[in-house]
Amino acid sequence: MLQAYTSNLSLGGGSSACVQQDAPPSGATTNLKVTSLSCGKHQIPDALPRLLGQYGKLQVLQLPGCCIGDVGALALASVAGQYLRQLHTLQLPGNYITATGAQKLADASFKHLTALNLSGNYLAAEGAAALAAASWRPGLQQLQLRWNGLGDAGGLRKRCRAAAQ
């Protein structure tokens, strides 16, 4: 359960974030939930790294409904090796991420990722297939892709189950 230490952070350039974390602002936060991200789409590539750079040992990152889109998925993927080395849970439901963003996440360096939630995005079969081919996918214990219009995505469930055995 996330302790309710809530902060409003300025990220520069008129961007800000409202966050909840598991330690006081001066403590060693490992669980971060961004409850709102106030920036334009063009500011996301700078705002997300600035935000994540403040938290060096994140294990859980939640950005529900922050509308980061493919631009935000690319920003997360680009800093995964730097700021998200210990991340085991990534929750990105309701963020307008498409197959393009899913491919960027699949290419990212999430070495310890065990849980991924991309529910309520626009991944389509191509995005789901990219995630299924990710190098870090064998370590996943939980993958949530509900409400992405996938259906069976060309037998994806069957392929994932077979790969897990």
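The values are calculated or read from the model by the stated rules, or taken from the named source; none is laboratory data. Treat the numbers as computed from the prediction; the structure is a model and nothing was measured. Cβ sites come from the backbone with ideal geometry, for glycine too, and all protein chains shown count toward neighbours.
Whether a residue is closer than 17 Å to Gly69 by Cα, at pLDDT below 95 and not in a loop (DSSP other than H, G, I, E, B) was assessed, and Ala128 passes this test. A search for C-beta distances below 7 Å between a residue of the range 94-120 that is within 18 Å of Val34 (Cβ to Cβ) and at pLDDT 95 or above and any residue that is among the acidic types (Asp, Glu) and in a helix (DSSP H, G or I), counting only pairs 6+ apart in sequence or on different chains, returns Ile97/Asp70; Gly101/Asp70. Of the residues contained in the range 65-80, none is found to be hydroxyl-bearing (Ser, Thr, Tyr) and in contact with a Phe, Trp or Tyr (Cβ under 8 Å, 6 or more places away or on another chain).
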